[in-house]
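What follows is a single structure, written as structure tokens, with notes after it.
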Amino acid sequence: MQSGEHIPLLVSGGPLGLPAPLATRYVLTQFRLKGLKVSSIRQRLSTLALAYTFFTEHGIQLDERAAKRQFLNQEELSPIGVPSTASPADYRRVVDAAARINSSSNCRGSRR
């Protein structure tokens, strides 16, 4: 199909799974609106998929944590090499960004 818009999405549960809600909102609000090409979005989603894999393997529910604005603790971050010198402000920026995406209402139910 030559017409229409193509947006890569991160899905859970295999290739026929459902889109990950937080990642989908992030793609629509941060990447698509900035006019990034499909290949650039796909590359960024590959990195995000690695993060989701890490969180899943360590029993961390990212969507839930973002909704509660709950920080990851040092023990949770140490396997990925976050330095112990990182300040609470560094963590707060990450959580704030995730919470904004999670609460974004302009993407719910939209069809493009």
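Structure summary
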| item | result |
| --- | --- |
| Filtered residues of region 27-80 (kept if assigned to a helix (DSSP H, G or I) and either β-branched (Val, Ile, Thr) or in contact with a Cys (Cβ under 8 Å, 6 or more places away or on another chain) (or both)) | Val27, Leu28, Thr29, Val38, Ile41, Thr47, Thr53, Thr56, Ile80 |
| Residue tally, condition under 15 Å from Leu45 (Cβ atoms) and modelled with pLDDT under 80, over region 13-26 | 1 |
| Region 2-12, residues that are within 12 Å of Leu45 (Cα to Cα) and in contact with a strand residue (DSSP E or B) (Cβ under 9 Å, 6 or more places away or on another chain) | Leu9, Leu10, Val11 |
| Index of the failed condition, Thr53 passing every other in (1) under 25 Å from Gly13 (Cα atoms); (2) at pLDDT below 70; (3) of a type in the set (Ser, Thr, Tyr) | (2) |
| Selection status of Thr29, modelled with pLDDT of 85 or more and more than 25 Å from Ala89 (Cα to Cα) | no |
| Residue ID - surrounded by the fewest Cβ atoms within 10 Å (Cβ to Cβ), chosen from residues in region 1-60 that are touching a residue at least 12 places away in the same chain (Cβ under 8 Å) and aromatic (Phe, Trp, Tyr) | Phe54 |
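The values are calculated or read from the model by the stated rules, or taken from the named source; none is laboratory data. In this text, all values refer to a predicted model and were calculated from it rather than measured experimentally. Cβ atoms come from the backbone with ideal geometry, glycine included; neighbour counts cover every protein chain shown.
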